[in-house]
Amino acid sequence: MQEKIIDVDNLKVNYKTFWESWKQVFLILHGWWGSSDSWVEIANLLSKDFLVIVPDLPWFWKTSLDKVYTLEDYANFVKDFLEKLNIKEVILLWHSNGWAISICLSWKIKIKKLILNNAAWIRKKAKTSLKRKLFWFFVKPLKFLRKFPWWEKLRIIFYKLIDSHDYLEAEKNPFKKQTFLNMINTDLQNKIKDIKETTLLIRWRYDTYTPLEDWKKMHKLIKNSKLEILDSTHGIHLKKPKELVETILNWI
């Protein structure tokens, strides 16, 4: 493994590379609040067959940023990053929330194959979970309590109860908060069918972030796709890396 820094449009980008012998480039892009560090074991396993590149996306880990990003900005960043490295074609794996950028990337870079790992893609308010609906029903009327010193601790507890750890982290910085909102508030259901790449959909049976019904719908909309359902939870690359890599290699 090598860790490097490259300048992409005046942004210092930290990234890791892994290889033993390779013929193709395998690009891994982490999800919200992830980092290249969390994919080291997966990258090491894949490096026997590929040159694996894992950057820290803008706003995360060692790639600093001080402005708001949109889906289009992230897509342009990945395109410019690959151009800097003189890479023409990749197998792309995108984890969790950030997968939506791959749609914007389809006409910017050449993707040989696409792997969507626990991708959250339906954003409509109608898909809000019962837990979140109950949260807003009971908590919204209590906003008058914000003047009390213990309100902040209570608010954090409530956000954790509805699995909004990402939002809690994002709101520490107003630019990062708006970037996060840009990501989760963009509904791309009408664009799913535009994905032409051969696609592997990996959904983990006990993942509470992405309902199975959504995955079945995505599988139907992406014509050249395969759906794999494996036993684990959302952070599978950390919990069952060998099983994840085996699934990917068997498909490729």
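The values are calculated or read from the model by the stated rules, or taken from the named source; none is laboratory data. Treat the numbers as computed from the prediction; the structure is a model and nothing was measured. Cβ: placed from backbone, ideal geometry, glycine included. Neighbour counts: every protein chain shown.
Restrict the check to the stretch 91-98 and report whether at least one residue is among the hydrophobic types (A, V, I, L, M, F, W, C), at pLDDT 90 or above, surrounded by 23 or more Cβ atoms within 10 Å (Cβ to Cβ) and under 20 Å from N224 (Cα atoms).
Yes, because at least one residue in the stretch 91-98 is among the hydrophobic types (A, V, I, L, M, F, W, C), at pLDDT 90 or above, surrounded by 23 or more Cβ atoms within 10 Å (Cβ to Cβ) and under 20 Å from N224 (Cα atoms).
The rows are residues; the columns are (1) surrounded by 15 or more Cβ atoms within 10 Å (Cβ to Cβ); (2) closer than 22 Å to E83 by Cβ.
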{"residue": "E3", "(1), (2)": "no, yes"}
{"residue": "V8", "(1), (2)": "yes, yes"}
{"residue": "T17", "(1), (2)": "yes, yes"}
{"residue": "W33", "(1), (2)": "yes, no"}
| Cβ pairs under 7 Å, 6+ apart, first in the stretch 53-80 and assigned by TED's automatic domain parsing to the domain that holds V25 and assigned to a helix (DSSP H, G or I), second acidic (D, E) and buried (at least 21 other Cβ atoms within 10 Å of the Cβ) | none
| task | Answer yes or no: is there a residue in the stretch 172-183 that is outside the structural domain of E89 (by TED's automatic domain parsing) and modelled with pLDDT under 75. | result | yes
| request: Could you grab me the full set of residues in the stretch 21-51 that are under 17 Å from T247 (Cα atoms) and either part of a strand (DSSP E or B) or small (G, A, S) (or both)? | output: F26, L27, I28, A43, S47, F50
| message | For the stretch 73-90, give me the residue count where each residue is surrounded by fewer than 21 Cβ atoms within 10 Å (Cβ to Cβ) and farther than 15 Å from L181 by Cβ. | response | 11
| task | Answer yes or no: is there a residue in the stretch 99-109 that is part of a helix (DSSP H, G or I), at pLDDT below 90 and of a type in the set (G, A, S). | result | yes
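Which one is nearest to Y74 (Cα to Cα) among residues in the stretch 35-51 that are within 17 Å of the chain's Cα centre (by Cα) and crowded, with 22+ Cβ neighbours inside 10 Å?
That would be S36.
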| request: Answer yes or no: is there a residue in the stretch 3-23 that is in the same structural domain as L221 (by TED's automatic domain parsing) and under 14 Å from the mean Cα position of the chain (by Cα). | output: no
